[in-house]
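Here the structure is laid out as structure tokens; the discussion comes afterwards.
The values are calculated or read from the model by the stated rules, or taken from the named source; none is laboratory data. Model, not experiment: these values are computed from the prediction. We place every Cβ from the backbone using ideal geometry, glycine too, and count neighbours over all the protein chains shown.
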Amino acid sequence: MKKHILIVCMHFYPVQFRINDIALDLIERGYQVTVVTGIPNYPQGSFTKGYGYFRKRRENYQGIDIIRIPIFPRGNNSISLILNYLSFQFSGFFFSLFTRIKADHVLIYGTSPLIKALTGLRYARRRHIPSTLYVMDLWPESVKYAGGIDNRHVLNYLAKVMTKIYKMSSRILISSLSYDQNIKNLGIDSNKIEFWPQYAENIFSNPNAKDTLPSEIIHDGKLNLVFAGTIAVAQGLDILVKTAVLLKEKNIQVRFNIIGDGRAKADLIQNIQSSDVNDYFIMIDRKPIEMIPSYFKACDGALLTLLDTPIWAMTIPAKLQSYMAFGIPVIASANGEVKRLIHEADCGYVSPASDANQLMESIIKFSQLSIPQREVLASNAVHYSKKHFDKVVLMNRLEEIINPSEV
């Protein structure tokens, strides 16, 4: 009989994160899977309709047993976000102490804040079972560069907490190669660290999912570029507004189709309006993941933007794997890992993060490519994705880590 896997993550179905697909794949491979997560409230900041403190706290999703611990919703300000993080820690502490679930392995999906890993690690220590921490965001670096906190006492404290978390973890998987040295610098044995990149869900490489074209995408001769994902400060989407202003001055017709929601969406819309570039943007509400490939098919290229900070230079956003698996050329404004991957794959254009002039030049160059030239970039993306981000290969490796005796 295959093992019982306890997954600890702050966000799970109906929220769209890669961990949903990982859990479903483990179910298909015969594992029993229990997920401990929060009440869904991402990215809108309030509880998803139908969920709450007294509604759907236990749920079964395609064979996955979901336990939703009480948390404070994210809201739309820094105080509520901090309360959201702290409440998960508080509820998770009591879960780890008193739950009667008997799992054989703990898998922690380490999005921010990484301190939530303690919920799973305490449970693993109590049960004397192995744990795997999948690092999606690097702390305390993320707190310093993305959060703007430069107090050395706070950062030193967080470094000590992260050292404890890494040492308590049996295995550490990292989503970016750039994370490796930072974790080693905390005194962590390199033998327990392994690069395990994110992969794209099957829906992005399934041709049957691309047949219906969405009505929101307008085909009137303008270059259509698409962004799909959370609209957050880290994405640095304001660069698109600056780029639109520059394109407008040159009378170059481009349309940015922005799909998603998030804490920075209202500010982005306000910036678009105040800059008088409404004609360059189509704002589309968040869509189910099953619909996203149709939007990719309806557009000429895909957008990826990140702020110019050291932490985001080390990060590989999951949307890049989705773009590449689908086979759509990528136009990025980013440094570090994203720049390296796009250059290696030869699947598009990448300019320095937060440089609107260079992004404009990339868009102009792309607009001048012939259809066959764009198809070459798209084909390169698919080829690179199959070689480096193959789901089956990665899930087989995860299974070896979780259950080596049965692989």
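The set of residues from the stretch 109-122 being under 18 Å from residue 71 (Cα atoms) and among the hydrophobic types (A, V, I, L, M, F, W, C) comprises 114, 115, 117, 118. Check whether at least one residue in the stretch 19-30 is of a type in the set (S, T, N, Q) and over 20 Å from residue 289 (Cα atoms), and report yes or no. No: zero hits.
Regarding residue 381, is this residue in contact with a Cys (Cβ under 6 Å, 6 or more places away or on another chain) and either part of a helix (DSSP H, G or I) or surrounded by 22 or more Cβ atoms within 10 Å (Cβ to Cβ) (or both)? Yes, satisfied. Here residue 199 passes the criteria (1) under 25 Å from residue 265 (Cβ atoms); (2) hydroxyl-bearing (Ser, Thr, Tyr); (3) at pLDDT 90 or above except the one numbered (1). Residues in the stretch 1-16 that are closer than 20 Å to residue 92 by Cα and crowded, with 18+ Cβ neighbours inside 10 Å: 10 in all.
Residue by residue, here is whether (1) within 30 Å of residue 173 (Cα to Cα); (2) touching a residue at least 24 places away in the same chain (Cβ under 8 Å); (3) small (Gly, Ala, Ser); (4) not in a helix (DSSP H, G or I) holds:
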| site | (1), (2), (3), (4) |
| --- | --- |
| 331 | yes, yes, no, yes |
| 342 | yes, no, no, no |
| 358 | no, yes, no, no |
| 364 | no, yes, no, no |
| 372 | no, no, no, no |
| 376 | no, no, no, no |
| 387 | yes, no, no, no |
| 396 | yes, no, no, no |
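Let me confirm something: among 84, 60, which residue is modelled with pLDDT of 95 or more, farther than 20 Å from residue 133 by Cα and either not in a strand (DSSP E or B) or not β-branched (Val, Ile, Thr) (or both)? Working first, answer last.
Details: 84 fails: modelled with pLDDT of 95 or more.
The unique qualifying residue is 60.
Restricting 54, 95 to residues that are over 24 Å from the mean Cα position of the chain (by Cα) and touching a residue at least 40 places away in the same chain (Cβ under 8 Å) narrows the list to 95.
Yes/no per residue for (1) at pLDDT 95 or above; (2) closer than 23 Å to residue 202 by Cα; (3) of a type in the set (Phe, Trp, Tyr):
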| site | (1), (2), (3) |
| --- | --- |
| 248 | yes, no, no |
| 267 | no, no, no |
| 277 | yes, no, no |
| 280 | yes, no, yes |
| 285 | no, yes, no |
| 299 | yes, yes, no |
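Taken over the stretch 146-188, residues that are among the acidic types (Asp, Glu) and modelled with pLDDT of 90 or more amount to 1. Taking the criterion of being surrounded by 19 or more Cβ atoms within 10 Å (Cβ to Cβ) and not aliphatic (A, V, I, L, M), the residues of the stretch 22-33 that qualify are 25, 31.
Do we find that residue 282 is touching a Phe, Trp or Tyr at 6+ places or on another chain (Cβ under 7 Å), surrounded by fewer than 23 Cβ atoms within 10 Å (Cβ to Cβ) and under 23 Å from residue 367 (Cα atoms) in this structure? Explain how you work it out, then say what you get.
On the way: touching a Phe, Trp or Tyr at 6+ places or on another chain (Cβ under 7 Å): no; surrounded by fewer than 23 Cβ atoms within 10 Å (Cβ to Cβ): yes; under 23 Å from residue 367 (Cα atoms): yes.
Answer is no for this residue.
For beta carbons closer than 6 Å, sequence separation of 6+ or different chains, a first residue in the stretch 119-131 that is closer than 19 Å to residue 38 by Cβ and a second that is in a helix (DSSP H, G or I), the qualifying pairs are 119/92; 119/96; 121/168; 122/96; 123/96. When 186, 173 are screened for being crowded, with 20+ Cβ neighbours inside 10 Å and closer than 26 Å to residue 89 by Cα, only 173 passes. Of the residues 67, 27, 108, the single one that is modelled with pLDDT of 95 or more and either in contact with a Leu (Cβ under 8 Å, 6 or more places away or on another chain) or within 19 Å of residue 135 (Cα to Cα) (or both) is 108.
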